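**Student:** I'd like to ask some things about the structure below.
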Amino acid sequence: MEIFISLFFAALAATMAAAEATTTVQSLLDELSTLSNYQPSSILPSRYIHSSYQPTDNPNDYDILADGVVELLQDKELLADLVFRSPPPFKHNTSLAFDLYSELAQEGSTTAHSVLAFLYDTGYNNVVEPHPGLALLHYTFAALSGDAASEMTLGYKHSIGDGAELSCEQAVEWYSRVADAAIDYYLSGPPGGHALPLSKPKLSDLKGGPYGLGASAASTGDNAYRPVIYAGKAKDSGENWHDLIDYFTYAANQGELQYAIRLGNIYYHGSVYTPKLGPADGSGAIPKDFSKAKYWFTRATRKIWQDGLQSDKQKEVSNYTKYLVSIASNALGKMYLRGEGVKLDQSSYQKAYKWFERAHSLQSVEAEYYLGLMYKHGYYVGANQDVAATHFTNAASNGFPEAYVALGNVFLAKGDIVNAIQNYEWAVNLSNSFEGTYRLATLTRDQDCRTSLARFKSVAERGDWLVGDKMWKEASQRWEKAVEWNKDTYGRHEAEAALLTWWRLAEMGYESAQNNVAFILDQDKQRVRLPGYDAPVNQTLAKISLNYWEKSAAQHVLDSNIKAADYHFKGLGTEVDHKKAAELYLSSDSSSLALWNVGWMYEYGLGLPTDLNLAKRYYDLALEVNNQASIPVLLSLIHLYVKSIWQWLSGGGENALLFNFGLKDGMSAREKEERIDSQDAREAVNRVDWMAYEEQGSSSSSGSGQTQEFVDGLLERSNIAGQDDGFQSTTFVIVVVALVAVIWIRNYILERARQRTVDRLTEEISRRAHEQAGHTEQNPQTPAPAPTPTTTPTPTQPSQEGLRHRNYNTHHENDT
Ligand SMILES: *[C@@H]1O[C@H](CO)[C@@H](O)[C@H](O)[C@H]1NC(C)=O
Ligand SMILES: *[C@@H]1O[C@H](CO)[C@@H](O)[C@H](O)[C@H]1NC(C)=O
Ligand SMILES: *[C@@H]1O[C@H](CO)[C@@H](O)[C@H](O)[C@H]1NC(C)=O
Ligand SMILES: *[C@@H]1O[C@H](CO)[C@@H](O)[C@H](O)[C@H]1NC(C)=O
């Protein structure tokens with residue numbers, strides 16, 4: 001908390017600018033001037049501070065705050081920012097923010113225009129009626145003064161025709177401005193460009209998708225191997241990255257080369273999930289640490305070059321060790337070339353060259369590309385474009401994607417557009433290359449607007465160091481705080497701030513942000529619906545949620561499409577519309593949930609004509625697609641079958657056809673393959689690239705022995721690696737349910753039996769007592785008999801003698 005406040009005021013002090021006091025600010029100043037002494041409780045105007053704020057843990061807080069408030073009041077822009085999205089203990093007051101920003105907009109503030117635009121666009125916190133026209137106006141003002149967030153928002157709005165005219169050309173126009181800036185920034189970095197920001201993990205993905213693990217498309221099929229899914233599982237089981245890194249460190253210290261490389265990569269990329277190509281995964285984010293990365297890479301290279309760069313003496317090692325050391329050498333070369341964790345000078349370029357050469361001698365394709373870069377720019381070696389081009393060609397023909405970009409640039413410089421395009425395309429097809437995508441978008445802009453638009457959007461969103469990435473990080477950090485503080489006042493405060501930031505990102509067109517907003521405001525969260533029970537629905541929020549499910553769905557996210565269908569089916573945030581729901585389910589037919597719903601709608605004639613054969617066919621498909629049978633689907637199916645049994649028992653007849661498992665009128669396997677959206681599949685393949693690397697590492701390792709097992713055990717426990725077999729977990733659930741049922745039935749039977757015995761005995765006793773009573777009259781001296789014990793008598797222990805005898809007998813029998 002102190003950090004938050006200090007940071008805030010550090011930023012505040014740094015950007016101080018004496019703004020003219022206006023009426024709102026003036027009144028605050030008046031309020032302050034009436035204060036006699038530095039009494040904390042009075043210096044902080046209560047309407048800016050949460051009443052529960054107790055800065056007892058740091059007495060300096062008051063001074064910091066007091067200083068801050070005084071400075072703040074002189075800077076309207078900061079004050080506006082504070083009341084709009086402040087950290088605690090300040091209160092949010094959107095209507096005050098609106099007033100302040102309106103004044104600021106009059107004075108020409110870009111930020112003010114962009115905030116006002118958002119408020120008019122969304123009607124956030126009901127401060128103004130949504131007004132698309134005014135929103136567009138303010139966005140345009142802000143965008144024309146170079147506000148990248150507004151440029152993206154306009155691009156997105158034009159691309160989908162939401163609140164602005166549907167126009168591919170205008171969308172490209174806005175997005176290309178952002179993409180141009182992104183590429184300029186990328187190229188202004190060290191050789192090879194600035195490292196791309198980490199990918200942005202969605203909240204829903206961390207839960208296995210909006211329908212949970214195993215039921216959502218987000219966590220089934222190839223998607224189950226995505227780092228974010230592992231990260232979510234690890235988080236849920238209370239694991240953190242420190243544990244994982246501790247074990248890697250332990251293994252690396254035991255001399256396991258592959259773990260040293262892993263650690264180097266983890267610290268270098270700032271993520272536990274480091275792909276071979278492209279940005280590292282944000283779901284495994286840890287702080288980057290170049291000096292640790294350098295330490296581990298250097299250690300790894302000692303396996304071959306014991307004396308580092310001092311001598312070229314080499315140790316004989318296996319081919320696999322050579323492969324791993326080539327990765328480490330190349331990484332060291334990169335760090336020396338790019339000045340990462342080292343000071344850049346002539347000698348660092350020399351070291352870079354040396355390490356690239358060594359990596360190249362160990363067959364590193366990437367090192368060949370970097371050698372090309374050194375020749376191209378003349379670092380350490382004299383600039384020589386021909387040698388550079390040879391290196392690029394070699395690296396490219398060995399499949400290193402960025403080398404194609406470099407070749408494309410060579411052709412482009414010569415004015416050979418056709419060959420340039422061809423090379424960029426190869427780079428993009430191979431690895432979704434950032435620069436390659438941009439070059440293609442620019443070169444083909446006039447030929448194919450939609451494709452070009454998608455490429456510019458992708459570049460703008462991936463290369464968002466300066467705006468989107470910062471906003472995303474802030475939102476994620478504040479969301480984490482909110483989760484940590486839970487129901488605390490500040491927890492809600494931070495959740496609201498996180499939602500606000502994601503909401504702005506959602507308007508900028510980020511699918512992950514749209515997904516987060518929809519997921520946070522989702523009004524249909526229950527997984528298993530109990531009959532007659534519906535959670536209370538807030539239609540206002542449902543409407544917003546539906547809007548973003550739909551926007552996310554339009555960006556090819558299957559689960560969001562099904563969510564939108566659910567909303568139409570149930571009338572959340574919209575009228576009940578079964579027809580629309582059916583259409584949406586039918587368009588999401590690589591999901592078993594959607595297929596099942598279609599079956600159900602055919603069965604009951606909701607939104608679709610009643611057709612039991614088709615219903616059956618979709619139920620079958622749902623089962624087939626969902627080979628990782630999820631619990632929700634299972635429950636639905638149980639429900640269905642129970643219902644069928646009931647209808648069959650009650651003479652319904654027709655529905656009994658559901659039991660006809662032999663009827664194979666479903667689609668052919670080929671038809672089904674075609675259903676799987678090739679785009680999604682390609683993306684999934686890109687995402688699992690890092691796995692390939694890891695597997696390559698572990699499968700060819702032979703001598704890793706116990707440590708390997710040790711770490712694998714941990715991974716399995718923490719679910720960070722290793723496939724969670726949905727089928728097994730379902731089987732497990734079924735077995736548990738069956739066991740519980742068996743135990744229950746057994747207990748029930750035993751209890752019944754016991755009860756019967758007890759009854760019988762009670763009867764017996766009372767009968768005897770009755771008889772006794774008759775006897776007693778004749779012979780009162782006889783005592784009443786002890787009641788027969790109701791428990792089964794303990795079997796008599798055989799005597800030692802008997803045991804020995806038996807043993808002897810067995811022996812004897814065996815002998816004969
Ligand atoms: C927000 O600020 C306005 C002044 O613009 C004030 O009237 C209102 O009471 C404030 N709301 C809260 C909740 O403090
Ligand atoms: C190691 O690699 C070299 C050259 O690539 C090859 O000739 C040799 O057979 C490999 N050794 C083993 C044990 O695979
Ligand atoms: C890249 O992939 C696209 C789509 O699959 C294909 O049409 C194109 O020919 C490929 N380009 C190259 C150069 O291979
Ligand atoms: C729905 O949520 C909004 C925003 O939180 C709130 O203002 C409104 O009162 C809620 N409506 C109902 C019916 O609870």
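**Student:** What is the residue count in region 550-572 for residues that are surrounded by fewer than 24 Cβ atoms within 10 Å (Cβ to Cβ) and assigned to a loop (DSSP other than H, G, I, E, B)?
**Tutor:** Result for region 550-572: 4.
**Student:** For region 80-108, enumerate the residues that are within 16 Å of ligand 4 (Cβ to nearest atom) and among the β-branched types (Val, Ile, Thr).
**Tutor:** Going through region 80-108, the residues within 16 Å of ligand 4 (Cβ to nearest atom) turn out to be 92-95.
Of everything in region 80-108, just one residue is within 16 Å of ligand 4 (Cβ to nearest atom) and among the β-branched types (Val, Ile, Thr), namely Thr94.
**Student:** Kindly indicate whether Ile261 is outside any loop (DSSP other than H, G, I, E, B), touching a residue at least 60 places away in the same chain (Cβ under 8 Å) and surrounded by 22 or more Cβ atoms within 10 Å (Cβ to Cβ).
**Tutor:** Numbers: outside any loop (DSSP other than H, G, I, E, B): yes; touching a residue at least 60 places away in the same chain (Cβ under 8 Å): yes; surrounded by 22 or more Cβ atoms within 10 Å (Cβ to Cβ): yes.
It is true that Ile261 is outside any loop (DSSP other than H, G, I, E, B), touching a residue at least 60 places away in the same chain (Cβ under 8 Å) and surrounded by 22 or more Cβ atoms within 10 Å (Cβ to Cβ).
**Student:** Test each condition in (1) modelled with pLDDT of 90 or more; (2) assigned to a helix (DSSP H, G or I) for Lys481 and report the one that comes out false.
**Tutor:** (1)
**Student:** Also, quick follow-up: For region 83-98, what are the residues that are modelled with pLDDT of 80 or more and either more than 11 Å from Ala497 (Cβ to Cβ) or within 16 Å of ligand 2 (Cβ to nearest atom) (or both)? It would help to see each step written out before you state the result.
**Tutor:** Pass one, region 83-98, residues modelled with pLDDT of 80 or more: 83-85, 92-98.
Selection gives Val83, Asn93, Thr94, Ser95, Leu96, Ala97, Phe98.
**Student:** Let me ask something else about it. Can you name the residue in region 95-117 that is surrounded by fewer than 20 Cβ atoms within 10 Å (Cβ to Cβ) and among the β-branched types (Val, Ile, Thr) and, of all such residues, is farthest from the chain's Cα centre (by Cα)?
**Tutor:** Pass one, region 95-117, residues surrounded by fewer than 20 Cβ atoms within 10 Å (Cβ to Cβ): 95-96, 99, 102-103, 106-108, 110-111.
Pick out the ones that are also among the β-branched types (Val, Ile, Thr) and you get 110-111.
On the way: Thr110: 32, Thr111: 30 Å.
Filtering first and then ranking leaves Thr110.
**Student:** Which residue out of Ala396, Ala460, Ala420, Ala427 is within 13 Å of ligand 3 (Cβ to nearest atom), crowded, with 18+ Cβ neighbours inside 10 Å, under 28 Å from the mean Cα position of the chain (by Cα) and among the hydrophobic types (A, V, I, L, M, F, W, C)?
**Tutor:** Only one candidate passes the filter, namely Ala427.
**Student:** Enumerate the pairs (first residue in region 425-452 and closer than 14 Å to Glu173 by Cα and in a helix (DSSP H, G or I); second residue anywhere and among the aromatic types (Phe, Trp, Tyr) and within 16 Å of ligand 2 (Cβ to nearest atom)) with beta-carbon separation below 7 Å, excluding pairs fewer than 6 apart on the same chain, so at least 6 apart or on different chains.
**Tutor:** none
**Student:** Tell me, which helices (runs of 4 or more DSSP H) lie completely within region 143-257 with 2 or more residues that are free of Cβ contacts under 8 Å to residues at least 12 places away in the same chain? Write out each step before concluding.
**Tutor:** Values: elements: 148-160, 168-187, 203-206, 227-236, 241-253.
Hits in region 143-257: 168-187, 241-253.
**Student:** Let me ask another. Could you tell me which numbered condition Ser326 fails, if it satisfies all but one of (1) out of contact with any Leu (no Cβ under 6 Å at 6 or more places or on another chain); (2) buried (at least 20 other Cβ atoms within 10 Å of the Cβ); (3) hydroxyl-bearing (Ser, Thr, Tyr); (4) not in a loop (DSSP other than H, G, I, E, B)?
**Tutor:** If we test Ser326 against (1) out of contact with any Leu (no Cβ under 6 Å at 6 or more places or on another chain); (2) buried (at least 20 other Cβ atoms within 10 Å of the Cβ); (3) hydroxyl-bearing (Ser, Thr, Tyr); (4) not in a loop (DSSP other than H, G, I, E, B), just (1) comes out false.
**Student:** Another one. Looking at (1) in contact (Cβ under 8 Å) with a residue 12 or more places away in the chain; (2) under 39 Å from the mean Cα position of the chain (by Cα), which is the one condition that is false for Lys343?
**Tutor:** (1)
**Student:** Which of the residues spanning region 274-306 are closer than 23 Å to Gln254 by Cβ and in a loop (DSSP other than H, G, I, E, B)?
**Tutor:** Selection gives Thr274, Ile286, Asp289, Arg302, Lys303, Ile304, Trp305, Gln306.
**Student:** Okay, moving on. Counting just the residues of region 533-549 that are in a helix (DSSP H, G or I) and over 19 Å from the mean Cα position of the chain (by Cα), which one comes out farthest from ligand 1 (Cβ to nearest atom)?
**Tutor:** That would be Leu546.
**Student:** Would you confirm whether or not region 208-220 contains a residue that is closer than 21 Å to Asn432 by Cβ and within 11 Å of the chain's Cα centre (by Cα)?
**Tutor:** Yes, some residue in region 208-220 is closer than 21 Å to Asn432 by Cβ and within 11 Å of the chain's Cα centre (by Cα).
The values are calculated or read from the model by the stated rules, or taken from the named source; none is laboratory data. Note that the structure is predicted; figures quoted are calculated from it, not measured. When we count neighbours, we look across all protein chains shown, and the Cβ atoms used for this are built from the backbone with ideal geometry, even at glycine.
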